[in-house]
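Report on one structure; see the data block that follows.
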Amino acid sequence: MNFSLKDIRICVIGLGYVGLPLARLFSTKFKTIGFDKNSDRVSALRNGHDATKEVSDDLLLSALKNGFVCTADMTQIKECNFYVVAVPTPVDNDNVPDLKPLYSASELVGKVISKGDVVVFESTVYPGVTEDECIPVIERVSGLKYNVDFYAGYSPERINPGDKEHTVEKIIKVTSGSTPEVADLVDQVYNSVLVNGTHKASSIRVAEASKIIENSQRDVNIAFMNELAKIFNAMDIDTNDVIEAAATKWNFIKMKPGLVGGHCISVDPYYLIQKAEVYGVLPRVMISARRLNDGMGAYVAEQTIKCMNKKGLMVKDSKILLLGFTFKENCPDIRNTKVVDIFHTLKEYTPNIEIYDPLADAEKVRSEYDVTLSMRSLEEMRGEFDAVILAVSHAQFKDCDVRSFLADRELGVVYDVKGFLSKCEVDGRL
C-alpha cells in the first residue's frame, strides 16, 4: 500500500439501498465509480432516478454531473484502487446464510484488483467471513497474496431504508483494516465524508461482530414486545397503553410490537446463530426471538379473524382489505415483508383479499411473492369490505377514514398492526 488520500479512486460494488448512497457520498470527495451487474438498474441511475428513493433524483443528477459514474462494465473499474463491496447477504429457504452474492463480488474484485489496492466489505456477515471466505476467493482469482500484495478492511453498513434523518453521511461508521496502516487509511477515507466521524475497531472480526449484534439486539427486543402483546391481548389489556405507562420510568427502553421484515433484522441474526452453533453454543434467546417474530404475520391474521367472530361476521369468503405491503412505513422496500404472511393465513379462509400499497412496485411484488396489488384508488374501495387491516403505517394512510372502507361501519372490523390509528377507530391492535 503506497498511496495517500489524494490518490484514491473508489469503486462501490452493488448499487442497492446501501451501495448507492455510499457511492454518491464518496463521489463528493473522491473519483468514484458505482458498479452493479444489473444493467437495468444502472441505466435507470444514469438517467437520474433511484427506484429505492434512498437518493433523490436531484442529488443523483448533481453527482452524475460532477463526475460520479455508474456502470455494469467491469473494464471501467480496473483503474480503481479502493474497492467497497456492498452486496446483499440473504438466507435461503431454510434460513441458512447464503454467501453466493459475496463470493460473486469477491471474484469480481479478484479480476480487477492490483498490487497495493484495498478492498473493504460492508455486507453484514458473521465474524470471520471477510478473511476466511472472501479473501481466499480474491487471492485465487487474482493470484495476489493477502497483506502482501493487497489489503482489506471492513466497515459495516448502517443504512436504515426510508430513514431521512439517519442518512449515510450522518451515521457514525465502524471501520477496520487488515493491518494498522490499512486500518488508518480506511478510517481516514470514511472520516473524510462523514459528519459524525468513525469508530475504529481493533480488528476486522470485531467490526463484523459489532454489526451482527446491532440487528440481533433489536430482534430480541422486538420479540419481547411481541410476546407482551400476545399476553396483554389475551388479558384484554391495551399493549400500547401499557408501554406508554412503563416508558415514564427513566431507564425503560421504549419499543413497540410489530412485524419484523426487511433485509436486516429479520435476516442477520441467522448468520450469528449459525456461527454460534459451529462453536458449540446454542443461542436459545436469539432462536426463540426469530421464531416468535417470524410468526407475527399469522398471529395478526388470527387476531383479525377473532375480532370478526366476536362481531358475528362470517369469515369464510369475506372481503378483506390489507393497507400496506412493504416491510416498513414510507419506504418502497418489499424484502422479507411479513405482510405476505397475513395474506397467506387469511387466504385459507377467503379468496377475497385486496392489497393496496402506494409505494410498493406491483411488478416486483408479483414477481417475488406471486401476489397482485390493487390498482384501484382508495376512493374506489369505499364501503366494500368486512374487515380492514392497517399493516404498514405509510403517511398516506394517516388521514384516511379507515372505517369508510367497511361495508358496515359498525359491524365491520379494523385491525391496526402499527398502533397508528386512533383507538376509537379500531377493533383490535397489537
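The values are calculated or read from the model by the stated rules, or taken from the named source; none is laboratory data. What you see is a predicted model; the values in this text were computed from it and never measured. Positions of Cβ are generated from backbone atoms using ideal geometry, with glycine treated the same way; all protein chains shown enter the neighbour counts. With ligands, DNA and RNA removed, areas are computed over all heavy atoms of the protein, side chains included. Shrake-Rupley method; radii C 1.70, N 1.55, O 1.52, S 1.80 Å.
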Just one of SER266, SER210, SER203 is modelled with pLDDT under 95 and closer than 28 Å to ASN95 by Cβ; which is it? SER266
Only one of these is over 24 Å from LYS29 (Cβ atoms) and surrounded by 19 or more Cβ atoms within 10 Å (Cβ to Cβ): PRO101, PRO127, PRO90. Name it. PRO127
Kindly establish whether LYS275 is surrounded by 12 or more Cβ atoms within 10 Å (Cβ to Cβ), among the basic types (Lys, Arg) and touching a Gly at 6+ places or on another chain (Cβ under 7 Å). no
Looking at ARG158, ARG140, which one is modelled with pLDDT of 95 or more and farther than 21 Å from ALA276 by Cα? ARG140
Is it true that some residue in region 378-385 is under 25 Å from ILE265 (Cβ atoms) and among the hydrophobic types (A, V, I, L, M, F, W, C)? no
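Give me a count of the residues in region 408-425 that are among the hydroxyl-bearing types (Ser, Thr, Tyr) and crowded, with 20+ Cβ neighbours inside 10 Å. First the steps, then the outcome.
First, pick out the residues of region 408-425 that are among the hydroxyl-bearing types (Ser, Thr, Tyr): 415, 422.
Next cut, crowded, with 20+ Cβ neighbours inside 10 Å only: 415.
Qualifying residue count for the region: 1.
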Number of the exception - ILE287 against (1) open to solvent by less than 10 Å² (accessible area, probe 1.4 Å); (2) within 25 Å of the chain's Cα centre (by Cα): (1)
Complete set of residues in region 150-164 that are open to solvent by 30 Å² or more (accessible area, probe 1.4 Å) and polar (S, T, N, Q): ASN160
Name the residues in region 165-216 that are of a type in the set (Gly, Ala, Ser), within 22 Å of the chain's Cα centre (by Cα) and surrounded by fewer than 18 Cβ atoms within 10 Å (Cβ to Cβ), would you? SER210
Of those in region 251-264 that are closer than 30 Å to ALA86 by Cβ and buried (at least 23 other Cβ atoms within 10 Å of the Cβ), the residue farthest from the chain's Cα centre (by Cα) is LEU259
Pairs with Cβ under 8 Å, 6+ apart, first in region 135-149 and in contact (Cβ under 8 Å) with a residue 24 or more places away in the chain and surrounded by 16 or more Cβ atoms within 10 Å (Cβ to Cβ), second part of a strand (DSSP E or B) and among the β-branched types (Val, Ile, Thr): ILE138/VAL119
Taking first residues from region 265-294 that are touching a residue at least 24 places away in the same chain (Cβ under 8 Å) and more than 19 Å from LYS211 (Cα to Cα) and second residues anywhere that are hydroxyl-bearing (Ser, Thr, Tyr) and open to solvent by less than 30 Å² (accessible area, probe 1.4 Å), the pairs with Cβ under 9 Å that are 6 or more apart or on different chains are ASN293/SER266; ASP294/SER266
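Residue check: is LYS53 surrounded by fewer than 22 Cβ atoms within 10 Å (Cβ to Cβ), part of a loop (DSSP other than H, G, I, E, B) and either at pLDDT 95 or above or β-branched (Val, Ile, Thr) (or both)? So that I can check it myself, show each step before the final result.
On the way: surrounded by fewer than 22 Cβ atoms within 10 Å (Cβ to Cβ): yes; part of a loop (DSSP other than H, G, I, E, B): yes; either at pLDDT 95 or above or β-branched (Val, Ile, Thr) (or both): no.
Judged against the criteria, LYS53 is not a match.
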Residue identified as out of contact with any Lys or Arg (no Cβ under 6 Å at 6 or more places or on another chain) and among the β-branched types (Val, Ile, Thr) among VAL148, VAL195: VAL148
Those residues of region 90-111 which are polar (S, T, N, Q) and at pLDDT 95 or above amount to SER104, SER106
Test GLY412 against the stated conditions and say whether it is at positive phi, in contact with a strand residue (DSSP E or B) (Cβ under 8 Å, 6 or more places away or on another chain) and modelled with pLDDT of 95 or more. no
Got a number for residues in region 344-396 being open to solvent by less than 80 Å² (accessible area, probe 1.4 Å) and part of a helix (DSSP H, G or I)? 7
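Every residue, every condition in (1) open to solvent by 10 Å² or more (accessible area, probe 1.4 Å); (2) modelled with pLDDT of 95 or more; (3) within 13 Å of GLU122 (Cα to Cα); (4) in a strand (DSSP E or B), yes or no:
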position	(1), (2), (3), (4)
MET1	yes, no, no, no
LYS6	yes, no, no, no
ILE10	no, yes, no, yes
LEU15	no, yes, yes, no
LEU20	no, yes, yes, no
ARG24	yes, yes, no, no
LYS29	yes, yes, no, no
THR32	no, yes, no, yes
LYS37	yes, yes, no, no
Could you list, in sequence order, all residues of region 217-250 that are more than 18 Å from GLY428 (Cβ to Cβ) and open to solvent by less than 70 Å² (accessible area, probe 1.4 Å)? ASP219, VAL220, ASN221, ILE222, ALA223, ALA245, ALA246, ALA247
Do we find a residue being basic (Lys, Arg), in a helix (DSSP H, G or I) and either without any contact (Cβ under 8 Å) to a residue 60 or more places away in the chain or in contact with a Pro (Cβ under 8 Å, 6 or more places away or on another chain) (or both) anywhere in region 93-110? yes
Going by the structure shown, is ASP333 buried (at least 21 other Cβ atoms within 10 Å of the Cβ), touching a Phe, Trp or Tyr at 6+ places or on another chain (Cβ under 7 Å), at pLDDT below 95 and not β-branched (Val, Ile, Thr)? yes
